[in-house]
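Student: Below is the structure I would like to discuss, written out as structure tokens.
The values are calculated or read from the model by the stated rules, or taken from the named source; none is laboratory data. Worth saying up front: this structure is predicted, and the values here are computed from it rather than measured. Ideal geometry is used to build each Cβ from the backbone, glycine not excepted, and the neighbour counts take in all protein chains shown.
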Amino acid sequence: MKKNIVEIFFASKNFSAHVPQLPGCISTGKTPDEIKAKIHEAIQFHLDGIKEDGDKLPVSFRGKYELVFKFDTQSLLKYYKNVITGSALEKYSGINQKQLNHYANLHRKPRIDQVKKIQAAFHNLGKELMAVEL
């Protein structure tokens, strides 16, 4: 199954998404769940248009394909703001809550090493949760 990246960003008061493999295929939504549903619709609309025009579909969209959602730092922090507390994210990333809030609200743009710390924090938290047994 071919994987296609959907890049998700936070713009103004909405999430926006685009598919680099399908130039012009974009969508917006108020929540990440809404944007995921809407980008599926936008992709199908885009692919139908390509077929109607008699053009070939991009190779990665021929047959079965999977969408991989790639968040920028701000949209990821906004997405999980009500799920993961600032203190938990501070514990796992080593970045203080105030700085994380600056990143989430676009007051500051994180350096690449900070982005890697945030990504590692989410991955490590996920690993811990996957190991939980009840």
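Student: For the stretch 1-114, please list each of the strands (runs of 3 or more DSSP E) lying entirely inside it that holds at least 3 residues being within 18 Å of G126 (Cβ to Cβ) and within 13 Å of the chain's Cα centre (by Cα). Let's see the steps before the verdict.
Tutor: On the way: elements: 2-11, 14-18, 26-29, 65-71.
Counting at least 3 such residues, we get 65-71.
Student: Looking at (1) closer than 24 Å to K116 by Cα; (2) modelled with pLDDT under 95; (3) of a type outside the set (F, W, Y), which one does R62 not meet, given that it meets all the others?
Tutor: (1)
So that you can scan it fast, the table gives a plain yes or no per residue for (1) over 21 Å from L129 (Cα atoms); (2) outside the structural domain of R111 (by TED's automatic domain parsing); (3) among the basic types (K, R); (4) surrounded by fewer than 11 Cβ atoms within 10 Å (Cβ to Cβ):
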residue	(1), (2), (3), (4)
E7	yes, yes, no, no
P20	yes, yes, no, no
K38	yes, yes, yes, no
R62	yes, yes, yes, no
Y65	yes, yes, no, no
N82	no, no, no, yes
T85	no, no, no, no
Y92	no, no, no, no
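Student: Follow-up question, since we're still on this one. Which condition number in (1) in contact (Cβ under 8 Å) with a residue 24 or more places away in the chain; (2) over 27 Å from K13 (Cβ atoms) is the one that F71 fails?
Tutor: All conditions pass for F71, except number (2).
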